[in-house]
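Right, one structure below, let's go through it.
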Amino acid sequence: MSADEQSMRRVTAIRNGTVIDHIPGGLVLQALQIFNIDGRQSNPISLVMNVPSRKLGTKDILKIEDRELTQDELDRLALIAPMASVSIIRNYSVAEKLTIQLSDEMINVAHCVYSNCISNSVREPLPHRLKVLSTKPLILQCHYCGRNQNLERLIGNLL
Amino acid sequence: MNSLITMNDLTNDDIHRILADAEKLLPVAKGNLHLPLLQGKILGNLFFEPSTRTRMSFETAMKRLGGDVVNLGAVASSSVVKGETLHDTIRMVDGYSDVIALRHPLQGAAQYASDCANVPIANAGDGAGHHPTQTMLDLFTIKQAHGKIENLNVVLVGDLRFGRTVHSLSYALVRFGCKLTLVSPESLRLPDEIINELKEQGGELEITEDLKPQLENADVVYMTRIQKERFPDEDEYVRVAGVYKLVADDLSSVKKDMIVMHPLPRVDEINPDVDSTRHAAYFEQAFNGVVTRMALLCDMLNIPIPEKIGGEK
């Protein structure tokens, strides 16, 4: 059994829901924030942190029971885990395998980290647009003010 | 066409072509020739922040070419105080005009306006962001003095952190191979992000707090005002206000063709005794705002400038 398989089995298989593998080690708590999981939901959530990974060195794994992630939610995950692999599980089997494929722009995922950017004027009817300048490493730039975004601060600005 | 939001909207060839057009339009800008290239066209002037030179020179440029201007006027007497969004203001003025000049306190406002409007937007300053029409008139002034804009030693002085003028200008100068010496107090240094981008573009930069030693080798000394209105904390402003003052005696050993520029208004960073030296270029620079904006307005409205301009007024 490979190290990755051992890692996956640290928690039991789920019947229905979503399994997210290859989250960079230590970032799974931010993934919870991205998916608005704050402990008040009733569905079971399993976390695995800092296990060995051939791809990433260390990785985290998140299993969310009874919830299938949408493509929009996947786009948000790109902020911290652009290499993540996502499996949709139905009746204990992998029904779909999804990978994050960043487009040239992230629209309405997060708002610019600069408070003096026009996009933070709450009454303006605008889409929040972040250009993807690079995926490795992830570099995002506000479409409006042209400034590069601090990703840690940006996670606090998720929409 | 084509909005002008940042200098990235213009290629180096565009810049050279527009500067050449501006040169041709000089007699029109001075009122010596009548050339109504923009007759029937209307400029919407939307200035959400105070402006003297930029607003007036846009207006003069339009009128010298036979066009007309509608003004937002004071923000306090417009629908903005009733809570109108920038989106709605732009959509309205879009219907009243053929081109819009926009100054706004928030960065990114010009790009947003360009997204909302059908007519071209000229960014006349967005917060501490960009001011490309100022950059074009600065380049025109430099070209007038040196016959070129390439490979010069340019010293930028003062508020390099909040000064949108120097942000746009520094990007343009690096594109033309100029060496930049950045003179400012540490708290007003050019933002790291801009420094990094300039370096990535091959820019040769020197960073210092000391102005006087930089004067001797300079081709251009570009002074700026420390902008009180951009400081969140007045104590911080007081600590750096008045730190650079250029006086005529400082210019005794500079190059003969070195020019002192300033986007104006000045406070005390250039002593009035510099005005009468051969190096003072800032009032000519202010005039150049008219001729450069004439060329830019024609370009944005796709109105070609005739090869030969003639005909007495």
(request) Give me B:Thr292, A:Thr12 ranked fewest to most by other Cβ atoms within 10 Å of their Cβ, as a rough exposure proxy. (result) A:Thr12, B:Thr292
(message) I'd like the distance separating the alpha-carbon centroids of region B:168-202 and region B:9-30, in whole Å.
(response) 24
(request) Be a star and scan region B:127-167 for residues whose amide nitrogen sits under 12 Å from the point 7 Å along the Cα-to-Cβ vector of B:Lys256. (result) none
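Is the shape of region A:3-99 rounded, prolate or oblate, going by the alpha carbon gyration tensor and its root eigenvalues a ≥ b ≥ c, with a/c under 1.5 for rounded and a/b larger than b/c for prolate?
On the way: a/c = 1.33, a/b = 1.12, b/c = 1.19.
The shape class here is rounded.
Mean residue ellipticity at 222 nm from the helices of the protein assembly as shown, using -39,500 (n - 2.57) per DSSP H segment of n ≥ 4 over the full residue count, to the nearest 500 deg cm²/dmol? Walk me through the numbers on the way to the answer.
Details: 14 runs with 135 residues, N = 472.
Value at 222 nm, helices only: -8500 deg cm²/dmol.
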(message) I'd like the distance between the alpha-carbon centres of region B:119-163 and region B:243-295, rounded to an integer number of Å.
(response) 14
(message) Would region B:1-65 count as rounded, prolate or oblate if I go by the C-alpha gyration tensor, calling it rounded below 1.5 in a/c and otherwise prolate when a/b exceeds b/c, oblate otherwise?
(response) oblate
(request) Sticking to Cα atoms, compute the Rg of the protein assembly as shown to one decimal and its Dmax as the biggest Cα-Cα distance, whole number, in Å. (result) 27.1, 91
(request) First check a/c for region A:46-159, with a ≥ b ≥ c the square roots of the eigenvalues of its C-alpha gyration tensor; if it is under 1.5, answer rounded, and if not, answer prolate when a/b is larger than b/c or oblate otherwise. (result) prolate
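Antiparallel as a % of all DSSP beta bridges within chain B, to the nearest 5?
Numbers: 1 of 34 bridges.
Given both bridge residues lie in chain B, the antiparallel proportion sits at roughly 5 percent.
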(request) Starting from the Cα of B:Lys255, draw a straight line to each of the lysines and keep only those under 24 Å, dropping any in the same chain fewer than 8 residues away. (result) B:Lys143, B:Lys148, B:Lys179, B:Lys212, B:Lys245
(message) Can you tell me the convex hull volume per residue for region B:132-286, based on C-alpha atoms, in Å³ to the nearest whole number?
(response) 102
(message) Given a Förster distance of 41 Å, report the FRET efficiency between B:Ile303 and A:Leu29 from their Cβ-Cβ distance, rounded to the nearest 0.05.
(response) 0.10
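If each residue's Cβ is checked for other Cβ atoms within 10 Å, how do B:Asp126, A:Asp60, B:Asp219 rank with the fewest at the top? Show your work: numbers first, answer last.
Working: B:Asp126 31, A:Asp60 27, B:Asp219 20.
Ascending number of Cβ neighbours within 10 Å: B:Asp219, A:Asp60, B:Asp126.
Ranking B:Cys178, A:Cys112 by Cβ neighbours within 10 Å, fewest first, what do you get?
Fewest to most other Cβ atoms nearby, the residues stand as B:Cys178, A:Cys112.
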(message) Below 8 Å between Cα atoms, with a sequence gap of 6+, how large is the relative contact order for region A:3-99 in percent?
(response) 39
(message) Could you check the spin-label model distance between B:Met92 and B:Asp13? Points 7 Å from the Cα along Cα→Cβ, value in nm.
(response) 4.2
(request) With label points built 7 Å along Cα→Cβ from the Cα atoms of B:Asn217 and B:Glu200, find their separation and express it in nm. (result) 2.8
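Every number here is computed from the coordinates shown, using simple stated rules; none is lab data. Values in this document were obtained by computation on a predicted structure and should not be read as measured data. Cβ: placed from backbone, ideal geometry, glycine included. Neighbour counts: every protein chain shown.
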